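Input: a single structure, listed below in structure tokens.
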Amino acid sequence: MYRIRFHGRGGQGMKTAGRILGTAFFLAGYEVQDAPLYGAERRGAPMLSSVRANGKPINERGIINNPDLVIIADESLLTLPAAGVLPGLTSHSVLLIQTDQSAGTIKNHLHIKGEVLILPLPPDEKTTGGMALASASCGAAGARLCGLALDILEQAVRLELKTLSPNIIEKNLARSRQVFALLPAGIVREGKEIMAGWQRPHWIDLPMEEASISAPAIHGGATSLNMETGDWRILRPVIRTDDCVRCGLCHVFCPEGVISLTDDGLPEIDYHHCKGCLICLAQCPAHAIDAVPEHDKGGKL
Amino acid sequence: MKPTLLTGNGAAARGVRLAGIDYLPAFPITPQTEIIETLAQWIQAGEMDCRMVTMDSEHSMITAAGTAAATGVRVFTATSSQGLLYGMEMIYTVAGWRAPFVLVNVSRALSSPITLEPDHNDVLAARDSGFLQIHCSTCQEVLDAVLLAYRLGEDERVRLPVIVNLDGYYLSFTREPVLIPSRKEAARFLAPYDPGETHFRAGDPVSQGVAVLGGSQYSYFRYETHLASIQALSVFNEICREYEKITGRVYEAVEGYRTTDAEIVFFMLGSFATKAKDAVDHLRKTGLKVGLVRPRLFRPFPAQAIIRHLADKKGVAVVDQNLSQGKGGILHAELSSILYNEERRPCVLVSFIGGLGGRDISVEEFFEMARVTVQAAESGKTPAPRLLYTHEELARMRGLQSIAGNRSPGH
Amino acid sequence: MKKTIFKTIKDLPRHHPLGAGTPACGGCGALEDIKLFCDILGEKTIFVNAAGCMTLLSVYPFTPFRGSWIYTAMASAPAGAQGVRDALDVLIQKKRLRPEDDLQVVVLTGDGSAYGMGLSATSGAMDRNLDFIYLCYDNEGYGNTGHQYSAATPHGAQTATSPEAGGYWGYKKDLFSIWAAHRPSYVATVSGSDPLDMARKIKKAKDLKGPRMFIALAPCPTGWHYDPKETVAIGKLAVKTGIWPLKEYIDGKVTHSKKPLSKEKRPGVEEYLEKQGRFAHLFKPRRNDELLAEIQARVDDYWDNIP
């Protein structure tokens, strides 16, 4: 059985990528199972989708713990433990990342045993982080790496994107062909049906605990600061201090409240939590805020 | 001390008054309304230092009861039947907050058809919610159960809300002699409420009842509530002994009546159990060794005590005053599950469904249930579940149907 | 003479009690509204929440609130507020809580609860003259479940359950009037894009007692289909075009805190609508002149009838 995991952020199209691959397998005669998994429907938050394909009916369900192929739409997820992109990778599995970094860098930094492949961003999509066509890119990559044929992939893209305008569908098809040509065919191998040498679960007797800790209550304020929502950002707002007129509007309008003002009125952005919505940029009367693609910052790993 | 004649509703109100509650969110519904009316009069007369508010629905009422308890006051509320079901979303929700309060449910059968007299499907719908459940069979027990419920739910080892159940009409509107503890006795048993860490106030932020994402966290919280409920078993026994010392009245999680040497046992909940006692006494005179086992505590389910009471019995007549549509009696299923692995389990469990919608169970029917159970035990053949319904009843039903008419062809 | 507060942007609080790191979408208009409420109300608050997008602000073990919070259910947040308010009053009266440790009780719901399932509980809370603040963040649909239409969805908006060419066939329920008909202490509409107007109204409400009700426009990039950076711009256009009147009800009278320019001078509704994907069908592939005219006429009619 093929087991493939797609990782992205809410709104990046990884549900559709999974469906493109699922449909392609299905058209090629496989039994298929595909499903997205969200924490909650939140744009920008990490999510994943999974695809299984087999020559016989599939009884497995839910999260794939032992992927043959992992496809990552957004490299910023690599360093985000909550996104869970790395667990289950072995020397058998293939990892494909949409990024401008080199495979060697990623392999070395993250100590990845299996093969690492890079899907370069299309030149005209540098500013969006390659997100406009991410579902076609990643779906096509999956189909190619699993050895499916191009005409089947094209058919799957058409089926899954049929509600979009013909113009957009053509763009996605073009991108699919481009990705198909870039990547090696059929290097992903089907994983084993049942894991040999199963490990006994370490069950425990859950101790009874006081109601003060065993009820779903949070004792304390603003614990959300532990969540580094700065990881959601694709574009980073950067204030050009010299041009800033210190009106304070960015501070007022930031919905996250992550722009503070210094004593002399200069705004400062908390990048640990800024989600990159860019309301600050849109509302800045002096046009003193730029949007810089996160992957251009480099050195994220 | 001289007893006073009180209805079940009156006894509940007496218990609540002795508990010294702070807050009473209410909503009228038959046959519970008398409880909140009685309390309203006492509050009006300045005999209770309590704030009462009539809400816009039972859903709102149970929400307000839960949030007030979570803010740190002693809360009471009451409902019946459709009201309990209308508020059921909140019954489950507030139980998870681990903020104790007491809710009296006056059992009344559920719609449809809509009706007024009791059975236990309303309170059993709350079975899996996390609320503890105490079921009463006399008006005296109602009063005592309210006080026991506060002690039990508020105990720091438990911290769960409690339902005290009494049957509509058969207890709610029926007067019986009730011994009322003095204020002093009640206070000796039940101290003023100590909310512990359960509060909302400035400078001590708490986010209560928050969402969780993921089955692992969810499992933890839900199972902890279950463990607290299980723990309530031993706490109940402990506080019952304390209550006995103060009032002289003996309560246990399971009432056994003439069970020691019994071969055949009735197993049932609520006020109809006193009818069964009557039947037991009559049958004993004929030489049949019969007894009665009645759980007072239904959640947590006192499995070990029930197993002990039923060890080596020949047969059990399980009388379910409820009906799980498409399955049968709920008590029968609960009982079967705890006995299956017991070596000394009774030879047969015979399932009877009776008393639905307040339909009476006559003493003759208890005799017949005993006879059928004896026969089953002797033959080793368990009969199919039996609805207590007579030939005469069906004849009367036919008469009504002929008036109601029908739309089948040819009529 | 009464001191005017919040004259300029600089008068708004510098410190935001609401913590960052929430799971709300980037550019969330509702979060913008809640942030300002926290700014003005401070930390001595308890938010009583009903099911909606903002329920996920507090996901174990993370909460952005520096005050307290309790989640109830979709239908009964105002009833939850009743229980908390009454309990706090009882505790203070019985000297088990110091008056300075009292909390302002704030109901927080979306439009799904406010306009629909929770309306009965809200009506009850107003009947009982409950001392509380109600903040409805109105993103004009069931946002948390993927933006299906609610009773707050405007006429013509496409949602997940009104995907047809003409969009939603219904007309946004007039919750302001329904609430005002209960004669509570205060009712106001606000928009996060106009923080001074909003801050003044919250401050006014804070100093009153009884039911104080707010409907806050909450532009939603995810459900309304626009770039998150446009949230404030869209909110401003809603006010400028006259689609979102900024008004208040107090002592039996409705007044507008800000009026758009005259019919001839103010921007047409198109300027507001064309920025949002949910109204794209009004412009593409063909302009729907009839529906655009109807939407414009309703707005003009509203303002023509304002004394």
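Here are the numbers for the structure shown:
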| item | result |
| --- | --- |
| For residue C:49, distant residues with modelled amide H under 5 Å away | C:70, C:71, C:72, C:108 |
| Exercise: per-residue mean of other protein chain Cβ atoms within 10 Å, C:88-96 | 5 |
| Distance in nm between pseudo-label sites at residue A:219 and residue A:245 (7 Å out along the Cβ direction from Cα) | 5.1 nm |
| Interface burial for C against B (accessible surface, 1.4 Å probe, total of both chains, Å², rounded to 100) | 3000 Å² |
| Cα-based shape type of chain A, given that a ≥ b ≥ c are square roots of the gyration tensor eigenvalues and the cut on a/c is 1.5 | oblate |
| Rounded to 5, the percent of DSSP beta bridges in segment C:22-304 classed as antiparallel | 25 percent |
| DSSP bridge orientation in the protein assembly as shown - percent antiparallel, rounded to nearest 5 | 35 percent |
| In sequence order, calculated HN-Hα J values of segment B:378-392 (Karplus, 6.51, -1.76, 1.60; Hz; x Gly/Pro) | 6, 7, x, 10, 8, x, 5, x, 10, 7, 6, 7, 9, 3, 5 |
| Residue-wise HN-Hα coupling along segment B:166-182, computed from phi with Karplus coefficients 6.51, -1.76, 1.60 (Hz; x: Gly, Pro) | 9, 7, x, 6, 4, 10, 4, 9, 9, 8, 9, x, 10, 7, 9, x, 6 |
| Gain upon complete extension [residue A:61, residue A:238; 0.36 nm per residue less C-alpha separation] | 59.3 nm |
| Full-extension gain in nm, residue B:282 to residue B:183, via 0.36 nm per residue minus C-alpha separation | 31.7 nm |
| Peptide A:279-289 - average C-beta neighbours from other chains (10 Å radius) | 3 |
| Rounded to whole Hz, the Karplus (6.51, -1.76, 1.60) HN-Hα couplings of segment A:61-69, x for glycine and proline | 9, x, 4, 8, 9, 10, x, 8, 9 |
| Surface/4 of the Cα convex hull for segment C:254-307, nm² | 4.5 nm² |
| Unit charges on C-beta of K, R, D, E only; dipole of segment B:320-411, Debye | 380 debye |
| Rounded if a/c under 1.5, otherwise prolate or oblate - segment B:256-394, Cα gyration tensor axes | rounded |
| Relative packing of C:285-295, B:23-33, which averages over residues the other C-beta atoms within 10 Å, highest first | B:23-33, C:285-295 |
| 22 Å Cα-Cα threshold exceeded, pairs from C:44/C:173; B:2/B:275; C:206/C:247 | C:44/C:173; B:2/B:275 |
| Efficiency of FRET between residue A:209 and residue C:11 - r from beta-carbon atoms, R0 35 angstrom, step 0.05 | 0.15 |
| Nearest-ten-degree value, helix B:33-44 long axis tilted from longest Cα axis of chain B | 30 degrees |
| Assigned charges on the beta-carbon of Lys, Arg, Asp, Glu; the protein assembly as shown dipole about Cα centre (debye) | 140 debye |
| R0 of 25 Å, Cβ-Cβ distance residue B:360-residue B:37: FRET efficiency to nearest 0.05 | 0.35 |
| Percent carbon-and-sulfur accessible area, chain A, ignoring ligands, DNA and RNA, probe 1.4 Å | 55 percent |
| For residues of C:51-61, the mean tally of beta carbons on other chains within 10 Å | 6 |
| Dipole of the protein assembly as shown [Lys/Arg +1, Asp/Glu -1 at C-beta], most positive-end residue of B:408, C:42, B:45 | B:45 |
| Base-10 log of normalised Debye intensity for segment C:1-140 (one unit scatterer per alpha-carbon) at q = 0.16, 0.17 Å⁻¹ | -0.90, -0.99 |
| Whole-Å semi-axes of chain B's equivalent ellipsoid (Cα gyration tensor) | 36, 25, 23 |
| Positive-pole candidate from A:94, A:54, A:27, dipole of segment A:1-142, charges at beta carbon | A:54 |
| Interface size C-A, as summed buried accessible area [1.4 Å probe, Å², nearest 100] | 3400 Å² |
| For chain A: accessible area per residue (Å², 1.4 Å) | 47 Å² |
| Label-point separation, residue A:226 to residue C:290 (7 Å along Cα→Cβ), nm | 5.8 nm |
| Other-chain or far-sequence residues with amide H under 5 Å of residue B:135's (modelled H) | B:165, B:297, B:298 |
| Cleavage-rule hits (chymotrypsin sites (Phe, Trp or Tyr not before Pro)) in segment B:318-396: DSSP loop, at most 15 neighbouring Cβ within 10 angstrom | B:340, B:389 |
| Calculated Rg and Dmax of the protein assembly as shown using C-alpha coordinates, Å | 33.1, 105 |
| Of C:209/C:258; A:171/C:240; C:172/C:203, pairs whose Cα-Cα distance is over 26 Å | A:171/C:240; C:172/C:203 |
| Surrounding net charge for residue A:225, when Lys and Arg each add one and Asp and Glu each subtract one, Cβ distance under 13 Å | -2 |
| Net dipole in debye of segment B:256-394 [+1 Lys, Arg Cβ; -1 Asp, Glu Cβ; about Cα centre; nearest 20] | 400 debye |
| Under 11 Å, Cβ to Cβ, from residue C:263 - net charge with Lys/Arg +1 and Asp/Glu -1 | -2 |
| Other-chain or far-sequence residues with amide H under 5 Å of residue B:176's (modelled H) | B:6, B:7 |
| Environment charge at residue A:284 (Cβ cut-off 12 Å; Lys +1, Arg +1, Asp -1, Glu -1) | +1 |
| Extent along principal axes [Cα atoms of segment C:22-304; Å; largest to smallest] | 68, 42, 30 |
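The values are calculated or read from the model by the stated rules, or taken from the named source; none is laboratory data. Given the structure is predicted, the values throughout are model-derived calculations rather than measurements. Counting neighbours? That spans all protein chains shown, and the Cβs are built from the backbone with ideal geometry, glycine included. Quick note on the areas: whole protein, heavy atoms, side chains included, nothing else; ligands and nucleic acids left out. Shrake-Rupley method; radii C 1.70, N 1.55, O 1.52, S 1.80 Å.
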